Amino acid sequence: MKKLICILFFIGFLYKSFGQLPCLSLSTTKTTSLVFPFPISHVDRGTLDVEVQRVREAKNILLVKAAIKDFRSTNITIITSDGTVYGFIANYDDNPQKLVYRIATKVKSAGEYGRQILDNEGFIHGITDKSWGIKGRVAGIYIKDNTIYYKLYIDNKSPLDYDISFIRFYLEDKKSTKRTAEQEIELFPVSEVGNSRVINSYSGSSVVLAFKKFTIPESRCLAIDINEESGGRNLRMKVSNKKLIKAKTLPDLE
């Protein structure tokens, strides 16, 4: 009975994590259209079970369809030209009821607050990692309404450019000695602004990632991975609730 309760608790927690993102119902026989307020600059799919196609004549529209039936739930990330990141959870549905999603512009988007944070001086200390001339740190944590913002600073003191493959946030068990996908709950940003591509040699740069507000369970910690493209200078940082409660509240934008 105790084991069953633990399993149900974990499923509930996983559901809440995925519940941070809006859901899309996709089928193999119907095309779903996503209409964004700005042109699309980048699209990424969690798996190839989902097909995506941009519209040449309308650069703000993305066509989405299921590649196979009954695919496992996955995610889609879209970045628009204004620097805003949109995340969706894709699920299979034989007969989706909604085929057109019009993504409205928020009065003050997470991307706008993120751009404001980029210029802020760092105030969080002690969350760092380094590898062969590359140093990463969590420079700031901010809260605005139901959104939490993490400012990362990456310093390249080496003669080689640092090409970033990905930046990944996830919750992991504190006591686990082995990392497995089942023990990790990945968190997907709703916005990303700044430089998350290339850190030139002997330079530094910041990136701000925004998430739907969350807390860290006592048995877990927040892990942040920054991996190099085709390289080994990978960084890994951990955030505890002790650091999370130091988050600053952002004022309203004018």
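Could you provide, to the nearest whole Å², the per residue accessible area of the stretch 76-121 with probe 1.4 Å?
Details: 2420 Å² over 46 residues.
Ligands and nucleic acids excluded, the figure is 53 Å² per residue.
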Discussion item. Checking the cross-link filter: which aspartates and glutamates have an alpha carbon closer than 15 Å to that of LYS65, excluding same-chain neighbours under 8 positions apart?
Written reply: ASP44, ASP49, GLU51, ASP93, ASP94
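Evaluate Rg over Rh across the stretch 60-127, taking Cα atoms for both radii and Kirkwood's formula for Rh.
On the way: Rg = 17.2 Å, Rh = 15.4 Å.
Rg/Rh for the stretch 60-127 comes to 1.12.
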Worksheet entry | For the stretch 204-221, Karplus couplings with θ = phi - 60° (6.51, -1.76, 1.60), whole Hz, Gly/Pro x | x, 7, 10, 9, 10, 10, 10, 9, 4, 3, 8, 10, 10, x, 4, 7, 10, 9
Practice prompt. Specify the longest stretch of the chain that does not include any exposed loop site, a site being one of the chymotrypsin sites (Phe, Trp or Tyr not before Pro) with a non-H, G, I, E, B DSSP assignment and at most 15 other Cβ atoms within 10 Å.
Written response: 1-122
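I'd like the per residue volume of the convex hull spanned by the Cα atoms of the stretch 35-150, given in cubic angstrom. Display every interim value, and only then the final one.
Details: hull volume 20.3 nm³, N = 116.
That works out to 175 Å³ per residue.
So what is the calculated 222 nm ellipticity per residue for the chain, using -39500 (n - 2.57) for each DSSP H run with n of 4 or more, over all residues, to the nearest 500 deg cm²/dmol?
-3500 deg cm²/dmol
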Practice prompt. In Å and from the alpha-carbon atoms only, list the Rg and Dmax of the stretch 70-219.
Written response: 17.5, 55
Worksheet item: When all alpha-carbon pairs of the stretch 130-221 are counted, what percent fall beyond 20 Å?
Response: 46 percent
Discussion item. What whole-number distance in Å separates the alpha-carbon centres of the stretch 28-53 and the stretch 59-129?
Written reply: 11 Å
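Using square roots of five times the C-alpha gyration tensor eigenvalues, list the equivalent-ellipsoid semi-axes of the stretch 182-254 in whole Å, biggest first.
Values: eigenvalues 113, 80, 28 Å².
The equivalent ellipsoid of the stretch 182-254 has semi-axes of 24, 20, 12 Å.
Using only the Cα atoms of the chain, construct the convex hull and provide its projected area averaged over every direction, in square nanometres to one decimal. Each step should come with its number before you reach the end.
Details: hull surface 64.3 nm².
Over every viewing direction, the Cα hull of the chain projects on average to 16.1 nm².
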Worksheet item: For the stretch 207-254, what's the relative contact order in percent, using C-alpha pairs closer than 8 Å and at least 6 residues apart?
Response: 29 percent
Discussion item. Going through the cross-link list LYS212/LYS242; LYS98/LYS212; LYS30/LYS151, which pairs have a Cα-Cα distance over 30 Å in this structure?
Written reply: LYS30/LYS151
Fill in: the chain - percent of accessible surface contributed by carbon and sulfur, probe 1.4 Å
52 percent
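The values are calculated or read from the model by the stated rules, or taken from the named source; none is laboratory data. None of the values given here were measured: they were computed from a predicted structure. Don't worry about glycine lacking a Cβ; one is built from the backbone with ideal geometry, like all the others, and counts go over all protein chains shown. Protein only, heavy atoms only, side chains kept; ligands, DNA and RNA dropped before computing areas. Shrake-Rupley method; radii C 1.70, N 1.55, O 1.52, S 1.80 Å.
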